[in-house]
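Note sheet for the following structure.
The values are calculated or read from the model by the stated rules, or taken from the named source; none is laboratory data. Quick caveat, the model's predicted, so the values are computed rather than measured. All Cβ positions, glycine included, derive from the backbone under ideal geometry; neighbour counts span all protein chains shown. Note: accessible area is taken over every heavy atom of the protein model, side chains too, but ligands, DNA and RNA are not part of it. Shrake-Rupley method; radii C 1.70, N 1.55, O 1.52, S 1.80 Å.
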Amino acid sequence: MPKVSADKMASQREHAYRSLRRLLVLQQEEAGGRLREPQWAERLGVHRSALREAFARLEAEGMLQRGERTGYFAPSSTVADFAEVAKLRLALECLAIEEVCGAEAPDLSAMSQAGEEFGRLIENEYSLGAIEADRRFHEALIDAARMRRLSKLYQLAPLPLIHGHTEDPTRWREACLRTMTEHRLILDALAARDAEEAKRVLRTHLAHLPMLPL
């Protein structure tokens with residue numbers, strides 16, 4: 001691949017990072033699978049140097065694992081990993097709830113939009129889109145707290161609540177419908193400035209996580 005300018009390299013690096021991170025967060029890469037540099041550089045249309053920097057950044061965030069000799073691998077997640085992430089997310093999201101309920105004019109529009117989008121996507125049985133909308137709902141809760149450092153910490157807890165890979169569509173749909181109901185209850189509690197009710201529903205919501213993957 002020909003030499004690229006510094007600006008274009010930075011753009012490619014950010015594109016590679018964001019594209020890979022999205023796939024890893026949504027668990028679209030096989031756990032333990034090696035991400036081969038030539039194939040990924042071609043797939044993303046980026047210079048291999050930009051891709052290597054994206055790999056290193058994702059490794060630092062715990063999103064990728066470096067091999068003993070060379071190369072990067074998608075990490076494997078156990079039930080214990082999901083349970084640990086649920087505890088971390090509960091602590092961070094409960095803090096966000098306290099901040100949102102204590103604010104003079106909290107902005108819940110992004111949460112509401114993500115919740116509505118989630119409902120439309122499950123009606124159309126678009127599992128990957130639903131996973132993304134679920135993630136956006138929780139990210140919007142964190143962002144509504146308007147705490148920059150909290151948002152940074154939340155990036156270290158990337159696992160989704162709804163897993164897209166299941167051979168049982170009935171079970172997947174039931175999980176999605178339960179999630180949609182709980183999203184609405186959390187929003188209602190936040191709108192009423194009822195932090196304790198919002199946290200109660202959130203605890204129930206996140207308690208389902210250790211049962212995954214489906």
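With GLU99, GLU93 as the choices, which residue is closer than 30 Å to ASP188 by Cα, open to solvent by less than 30 Å² (accessible area, probe 1.4 Å) and acidic (Asp, Glu)?
Details: GLU99 fails: open to solvent by less than 30 Å² (accessible area, probe 1.4 Å).
Being closer than 30 Å to ASP188 by Cα, open to solvent by less than 30 Å² (accessible area, probe 1.4 Å) and acidic (Asp, Glu) holds for just one of GLU99, GLU93, which is GLU93.
Among the residues of segment 110-128 satisfying the criterion of being more than 15 Å from LEU185 (Cα to Cα) and without any contact (Cβ under 8 Å) to a residue 12 or more places away in the chain, which is surrounded by the most Cβ atoms within 10 Å (Cβ to Cβ)?
Within segment 110-128, the first condition is being more than 15 Å from LEU185 (Cα to Cα), and the residues that meet it are 110, 117, 120-128.
Now restrict to residues that are without any contact (Cβ under 8 Å) to a residue 12 or more places away in the chain: 120, 123-124, 126.
Numbers: ARG120: 12, GLU123: 12, ASN124: 9, TYR126: 14.
Here the residue is TYR126.
Checking the structure you have, find out if any residue of segment 95-104 is at pLDDT below 90 and over 28 Å from ASP143 (Cα atoms). No, that holds for no residue.
Results for (1) modelled with pLDDT of 90 or more; (2) β-branched (Val, Ile, Thr); (3) surrounded by 15 or more Cβ atoms within 10 Å (Cβ to Cβ), shown as yes or no for each residue.
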residue: ARG135; (1), (2), (3): no, no, yes
residue: ALA140; (1), (2), (3): yes, no, yes
residue: ALA145; (1), (2), (3): yes, no, yes
residue: PRO160; (1), (2), (3): no, no, yes
residue: LEU185; (1), (2), (3): yes, no, yes
residue: ALA189; (1), (2), (3): yes, no, yes
residue: GLU196; (1), (2), (3): yes, no, no
residue: LYS199; (1), (2), (3): yes, no, yes
residue: HIS205; (1), (2), (3): no, no, yes
